[in-house]
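I'd like to ask you about the structure that follows.
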Amino acid sequence: MRVFLGALRHLRPAETFWRPCLIPFCRQYLVGTEENEIANAIKNRSIAAPGPYSELCEALISDQVGKAPALLVPSCTAALEMAAILLNLQPGDEVIMPSFTFSTTATSVVLRGARPVFVDVDPSTFNLDPEAVARAIGPSTRAIFVVHYAGVPADMESLLLIAREHGIKLVEDAAQAYGSFYNGQPAGSHGHLSCFSFHGTKNISSGEGGALVINDRDLLERAEIIREKGTDRAKFLTGQTAFYTWQDIGSSMVVNEMTAAFLSVQLRAAAHITERRLEQWRRYKAALAEPAAQGHFSLPDPPRNCKHNAHCFFVVLPSREIRADLMQHLRAFGINAVSHYVPLHSSPAGQRFGRQVGPMPNTQRAADCLLRLPLWHDLGSDQEVVIEAILDWCSKEGSRNAYAQIGQ
Ligand SMILES: Cc1ncc(COP(=O)(O)O)c(C=O)c1O
């Protein structure tokens, strides 16, 4: 392994923040037949939605999540926005969600005039802490938006119990969790509605893309109307009505056939892609177990009842400063390891549109100390370079600590 790192050091001695990295954080995986399928969509002169490719994608997604109807949409953000409309969220309503999440978990709610209520996450999975959720429930609570961080499902048993007890809806923001399972059931099959992302950073990707899964079948007809510009065009296309007309609020949330053609290839390869990512995830975990035991960082430890999809592998450093040091060390070797999120409760828009309930120590720790390592389908021997660079940093960190102790 030393050979890998030595070669890389020679090639790129002083990588900086703005120069392209030799080993990026993620990379689009191509099965190889995407171009053929796109060419086929064009040849058929059928590129608007809906068409055979979007129908195929929806069938594949539905199969993955336990046969619930799935609507292909342009992004997970679009799916979340549709979910917020379907729940009839209004000004004065509140939705509980983690502060440690992507902006659009919250913007979807704010667009309806409702208020996101931010709570802390569990210290080990960085998923919603059910006790924090229970403490935040109030008379205005209408829903819980649950995120499955890093593709590891949240504690759905406890969260569903809370939702049922209080008669509120549960939406899964499963942006990162396509192909994951909780208690043997697919992620996305538990909530009233579930939202997936097929963005370029996700395991299964069409660059941009998403899906809304409708487990509460009563919401299906309205979901189709919202997606089709507020009209009942879906009914018209299946011969259930002689013409279509404006029925409700809505938007243009359909996906063109070229994107769907690309995605259909990816979805068919989903099991293979997940397995390859899991191999890398396990390799990181095994190779970094020793420095973790020595206290350099901690590693992810998904609960036993969760089968995750290896969306991401991360290390959690003891402090923000130490994380910055490791990040800089990796960049010197052209390795792009990245952090996220700025907690929503402390973001400018989060403070303007939302409110925080309870302290946020685990959210803050994730934001300050978590570092995600490169992981993609054909990372190959580059993974050894990443591992070697981390071990190299640990050995230097060890000597720094030793010096610090002598100096004391
Ligand atoms: C938790 C979460 N929710 C929502 C999104 C938005 O997904 P999209 O880019 O498909 O809109 C992301 C994207 O990374 C995400 O991680």
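May I have the pair-distance distribution P(r) for segment 34-268, computed from all Cα-Cα distances with 5 Å bins from 0 and rounded to whole percent?
It works out to 1, 7, 15, 19, 19, 16, 11, 7, 3, 1, 0, 0, in whole percents.
Tell me which aspartates and glutamates have Cα within less than 15 Å of Lys43's Cα, excluding those fewer than 8 residues away on the same chain?
Straight-distance partners of Lys43: Glu34, Glu35, Glu257.
Hey, can you rank 217-228, 295-306 by average C-beta count inside 10 Å, highest first?
Ranked from most to least packed, the peptides come out as 217-228, 295-306.
Of Asn40, Ser206, Gly51, whose Cα points farthest to the positive end of the dipole of the chain (charges on the beta-carbon: +1 Lys, Arg; -1 Asp, Glu; origin at the Cα centre)?
Going by the charge dipole, the pick is Ser206.
Tell me the relative contact order for segment 179-249 as a rounded percent, counting alpha carbon contacts under 8 Å between residues six or more apart.
19
Step through the residues of segment 232-241 one at a time and calculate ³J(HN,Hα) from phi using the Karplus curve (6.51 cos²θ - 1.76 cosθ + 1.60, θ = phi - 60°), rounding each to whole Hz and writing x for Gly and Pro.
Here the 3J(HN,Hα) series is 9, 4, 4, 5, 4, 5, 9, x, 7, 8 Hz.
Calculate the length of the line joining the C-alpha centroid of segment 264-304 to that of segment 329-383, in whole Å.
About 17 Å separates the Cα centre of segment 264-304 from the one of segment 329-383.
What net charge do the residues around Phe196 carry, taking every other residue with its C-beta under 12 Å from that of Phe196, with Lys and Arg at +1 and Asp and Glu at -1?
That sum, taken over residues with Cβ under 12 Å, equals -2.
While we're on this one: If I model a spin label as a point 7 Å beyond the Cα along the Cα-Cβ vector, how far apart are those points for Lys43 and Leu22 in nm?
Going from the Lys43 label point to the Leu22 one covers 4.2 nm.
Ok, one more. So if we plug the beta-carbon distance of Ala292 and His166 into 1/(1 + (r/R0)^6) with R0 = 51 Å, what FRET efficiency do we get, rounded to 0.05?
Efficiency at R0 = 51 Å is approximately 0.85.
Calculate how large, on average over all directions, the projected area of the Cα convex hull of the chain is; give the answer in nm² to one decimal.
Quarter of the Cα hull surface area: 22.0 nm².
Another question, if that's okay. Report the local net charge at Ser46: Lys and Arg +1, Asp and Glu -1, summed over other residues whose C-beta lies under 14 Å from its C-beta.
Charge balance in the 14 Å sphere: -1.
Under 20 Å from a point 7 Å along the Cα-to-Cβ line of Asp301: which residues of segment 152-194 have their amide N that close?
It comes to 152-156, 183, nothing else.
While we're looking at this one, here's another question. With an 8 Å cut-off on Cα pairs and a minimum separation of 6 or more residues, tell me the relative contact order of the chain in percent.
After rounding, I find 24 percent.
While we're here: Could you please report the charge total around Ala177, scoring K, R as +1 and D, E as -1 over all other residues with beta-carbon less than 14 angstrom from its beta-carbon?
0
What whole number of Å gives the distance from the Cα centroid of segment 158-193 to the Cα centroid of segment 239-255?
For segment 239-255 versus segment 158-193, the Cα centre distance is 28 Å.
What is the packing order of peptides 234-245, 79-90, taking the mean over residues of other C-beta atoms within 10 Å and listing the highest first?
Ranking, from highest mean packing down: 79-90, 234-245.
Sticking with this one: About the Cα centre of the chain, what is the dipole size in debye to 20, counting +1 per Lys and Arg Cβ and -1 per Asp and Glu Cβ, all else neutral?
Here the size comes out at about 580 debye.
What FRET efficiency would be calculated for the residue pair Arg400, Glu279, taking the C-beta separation as r and a Förster radius of 25 Å, to the nearest 0.05?
0.15
Straight-line reach from Lys307: which aspartates and glutamates have Cα under 20 Å away, leaving out those fewer than 8 places along the same chain?
Partners within reach: Asp63, Asp122, Asp129, Asp155, Glu157, Glu172, Asp173, Glu275, Glu279.
Related question: Using only alpha carbon pairs under 8 Å that are at least six residues apart, calculate the relative contact order of segment 34-268 and give it in whole percent.
26
All of the numbers you see were taken from the coordinates with simple rules; none came from a lab. In this text the structure is predicted, and so the values were computed from the model without any measurement. Heads up, the Cβs are rebuilt from the backbone with ideal geometry, glycines too, and the neighbour counts pull from every protein chain shown.
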